[in-house]
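Questions regarding the structure given below will be posed in turn.
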Amino acid sequence: MDSHNDSNSQHTRIAVIGAGIGGISFGIALKRKFPGSDDIVIYEKGDDVGGTWRGCASDISCHFYSLSSDLKADWPTSHPYQPQIYQYWKDLATKYHIYSHVQFNTLVTSVEWNSKTRYYEIITKDLLSKEEKKSTARIVISAVGILEVTKLPEISGISSFKGNIFHSAAWNHEVKLSGKRVAVIGNGASATQFVPVISQDPSLEVVNFCRTPNWFLWPLRTPYNKLETWLFKHFPFWMRIYRASQFFKTELFYFIVFKSALTRYLFTLIAKLYIKYNAPKKYAKELIPNYTMGCKRVIFDTNYLASLHQPNVSLNWDGVESITEDGIITKTGKNLPFDVIICATGFVMVLHFLLVHGPLFIISLDKQDRFPVHVKGTQSTIQEYYDSKSGPAAYMATVVPGLSQFPNFFMLGGPNATTGHSSVVYTEENQIEYILKVITPILKHPDQVHSIDVTGEATDKYNVKLQADIRHSVFVNCASYYRTGKDGKVSTAWPYSATAHWWKFRKVKWGDYKVDVVDTQA
């Protein structure tokens, strides 16, 4: 029996940080593989499950952007909007009784391994009462994801703006945009999704401040017809076939754009023609990138280019110099008045234990690998390990050995975990199955196995090969959120195919791990 006596703390066998898709998926997989495994707590700083998908849509087909164990027959379109995705994950949390394990409005501020008790000591803060609590756990899973913390631009005067300002991932629904002058800072994936929507109201004026153009490809979203919906509902195996087809489409995209220079060149020509044909002529030249396709996120058009033809939408490439009480001053000296500023400036790439709280969090991209919370192993912190490796690194994107060790600590969406072309649900399912295999000895024999930790030698060997392959990949051809800073280490992207991801995570190399067993002679 796994027990821990401490009158001042609550103990659980497994603690999960985050109730987004990673935390929900892990909870479901644990219950499916180990029925009756209810000794788990999920800490969530928000007031509901869902994580990022409480405010985003996806450019991956819904039948592939869903759990392999829980396919859904009645998706309305191939690429649903945020409400449908959000509801899907809430429904799963209800179906598998995940809600009963979640502590909402709870921020994890410290995680530290106690070598004597062989448990992690966790300090959390109730964001409503401000009360701090202590707990312990045998195993800790970081499921905060990589798109968890919104990134506002470091622009002079941003706090002086008297109008409404918010991040697109924390949309302020109380702000009415009708009749307003709206500035949108950023022209990446988020902006290209919501600009076409808000600009449908002709009474508002939208000025999109752009810095770097994107490679656009044709829209993917198509509604399902009655026959397709009927087949999905009455022939579940057909959903499996359809899901497989979506997987192979993303794999084909990998080999065309990310792997082969020749086909990437041909695809680049197609993308140029698409932009020229669909964008207003006055913007076409500025909208065509001069960097290699694939080194930044490729955007599938959601009527963004078409929206630029509307008289109430305009692009501004002058750059933002500062923000005043009533608007924006561009780098060319123009003073433009605005009522609302929406920052579509993306997320801090959390690698991978970044937990902050607040409506306005400003951080530079160069600080993306800094830990604002204390995460300590037997001697040192994860951040110290990252610093020693010139940026985030892990074994199998999942386990960190550190200058000391981090026993029983695992990450979902860790360094170099995610592909630039496939479903993050798929890659996290691979990681979850891998983690469950690693922790099986602890779950089945808690009185015999104390902890499991990867060796530093195995981690170094793994990352030397990984970074060598990345140096020959498309990801090093430009500055992007895939890397630390503007030209530093690529610490986010998986440089191989999704098939290779499954192959790599399919089994555990136990020779790369150290297992701390009970000393029967003691």
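Tally Lys and Arg at +1 and Asp and Glu at -1 over the other residues with C-beta under 13 Å from the C-beta of residue 302: what net charge comes out? Mind dumping the intermediate values first?
On the way: positive: 221; negative: 59, 301.
Counting the neighbours of residue 302, the net charge comes to -1.
Simple spin-label model, 7 Å along Cα-to-Cβ: residue 252 to residue 203 in nm?
In this crude label model, residue 252 to residue 203 measures out at 4.6 nm.
Hey, could you grab the Kirkwood Rh for the chain? Inverse mean 1/r over distinct alpha carbon pairs, Å, one decimal.
Working: mean 1/r = 0.0411 Å⁻¹.
Its Kirkwood hydrodynamic radius stands at 24.3 Å.
Within the range 69-162, which GluC sites (Glu not before Pro) sit in a loop by DSSP and count at most 13 neighbouring Cβ atoms inside 10 Å? Before the final figure, lay out the partial values.
Details: sites: 112, 121, 131, 132, 148, 154; in loops: 131, 154.
Passing both the DSSP loop test and the Cβ count: 131, 154.
Ok, one more. For residue 154 and residue 331, FRET efficiency with R0 = 22 Å and r from the beta-carbon atoms, rounded to 0.05?
Approximately 0.90, to the nearest 0.05.
I've got another one for you. Computed on alpha carbon atoms, what radius of gyration and Dmax characterise the range 420-522, expressed in Å?
17.2, 57
I need the Debye-formula profile for the range 37-158: one equal scatterer per C-alpha, no solvent, reported as log10 I(q)/I(0) at q = 0.15 1/Å, two decimals.
Computed log10 I(q)/I(0) values: -0.87.
Let me ask something else. Using the Cα gyration tensor of the range 286-336, with a ≥ b ≥ c the square roots of its eigenvalues, what is the shape: rounded (a/c below 1.5), prolate (a/b larger than b/c) or oblate (neither)? Display every interim value, and only then the final one.
Details: a/c = 2.69, a/b = 1.55, b/c = 1.73.
The shape class here is oblate.
Just the number, please: Stokes-Einstein D of the range 374-480 in µm²/s, Kirkwood Rh from C-alpha pairs, 4 °C, 1.567 mPa s. Intermediate values should be presented prior to the final figure.
Details: Rh = 15.1 Å.
D, rounded to a whole number, is 86 µm²/s.
In whole percent, what relative contact order does the chain give with Cα contacts below 8 Å and a gap of six or more residues?
Working: 1023 pairs, mean separation 96.5, N = 522.
Across the chain, relative contact order equals 18 percent.
Now a separate question. How would the range 168-291 be classified by its alpha-carbon gyration tensor: rounded, prolate or oblate, with rounded meaning a/c under 1.5 and the a/b versus b/c comparison settling the rest?
On the way: a/c = 2.49, a/b = 1.26, b/c = 1.97.
Oblate is the answer for the range 168-291, as a/c is 1.5 or above yet b/c matches or exceeds a/b.
Kindly provide the trypsin sites (Lys or Arg not before Pro) of the range 68-139 that DSSP labels as loop, not H, G, I, E or B, and whose Cβ sees at most 13 other Cβ atoms within 10 Å. The partial results should precede the final answer.
On the way: sites: 72, 90, 95, 116, 118, 125, 130, 133, 134, 138; in loops: 72, 116, 118, 130.
Loop-located and lightly packed - 116, 130.
Would you please calculate the Kirkwood hydrodynamic radius of the range 117-185 over all C-alpha pairs and express it in Å, rounded to one decimal? If you can, show how the numbers build up before the last one.
Details: mean 1/r = 0.0602 Å⁻¹.
Evaluated on the range 117-185, it is 16.6 Å.
Between the alpha-carbon centers of the range 105-176 and the range 286-343, tell me the distance in whole angstrom.
29
Round to a whole number: what % of the accessible area of the chain belongs to carbon and sulfur, probe 1.4 Å? All intermediate terms of the calculation are to be shown ahead of the outcome.
Working: 12510 of 23190 Å².
So the carbon and sulfur contribution to the accessible surface is 54 percent.
Another one. Treat the range 220-280 as a sphere of radius equal to its Kirkwood radius over Cα pairs and apply Stokes-Einstein at 4 °C in a medium of 1.567 mPa s; give the translational diffusion coefficient in µm²/s, rounded to a whole number. Please list the in-between numbers first.
Values: Rh = 14.2 Å.
After rounding, the answer is 91 µm²/s.
Please list, ordered by chain and number, the residues whose modelled amide H lies under 5 Å from the amide H of residue 316; skip anything fewer than 5 residues away on the same chain.
Under 5 Å from the amide H of residue 316: 208, 209, 210.
Calculate how large, on average over all directions, the projected area of the Cα convex hull of the range 265-351 is; give the answer in nm² to one decimal. Please list the in-between numbers first.
Working: hull surface 32.0 nm².
Across all orientations, the range 265-351 yields a mean hull projection of 8.0 nm².
By how many nm would the segment from residue 226 to residue 309 lengthen if fully extended, with 0.36 nm per residue of separation less the alpha-carbon distance?
Length gained between residue 226 and residue 309: 26.5 nm.
Where Rh denotes the Kirkwood radius from the mean inverse Cα pair distance, what is Rg over Rh for the range 256-304?
0.97
Exceeding 23 Å between C-alpha atoms, which entries from my cross-link table qualify? They are 249/272; 90/134; 31/507. Let's see the in-between values first.
Details: 249/272 21 Å; 90/134 28 Å; 31/507 20 Å.
Over 23 Å Cα-Cα: 90/134.
Another question about this same structure. Once every DSSP H run of n ≥ 4 in the chain is given -39500 (n - 2.57) and the sum is divided by its residues, what mean residue ellipticity at 222 nm do you get, rounded to the nearest 500 deg cm²/dmol? Kindly include the intermediate steps, with their values, before the conclusion.
Numbers: 12 runs with 144 residues, N = 522.
Estimated from H runs of four or more residues: -8500 deg cm²/dmol.
The values are calculated or read from the model by the stated rules, or taken from the named source; none is laboratory data. Note that the structure is predicted; figures quoted are calculated from it, not measured. Backbone-built Cβ (ideal geometry, glycine too); neighbour counts: all protein chains shown. For the accessible areas, the whole protein counts, side chains as well, though only heavy atoms, and no ligand, DNA or RNA atoms are used. Shrake-Rupley method; radii C 1.70, N 1.55, O 1.52, S 1.80 Å.
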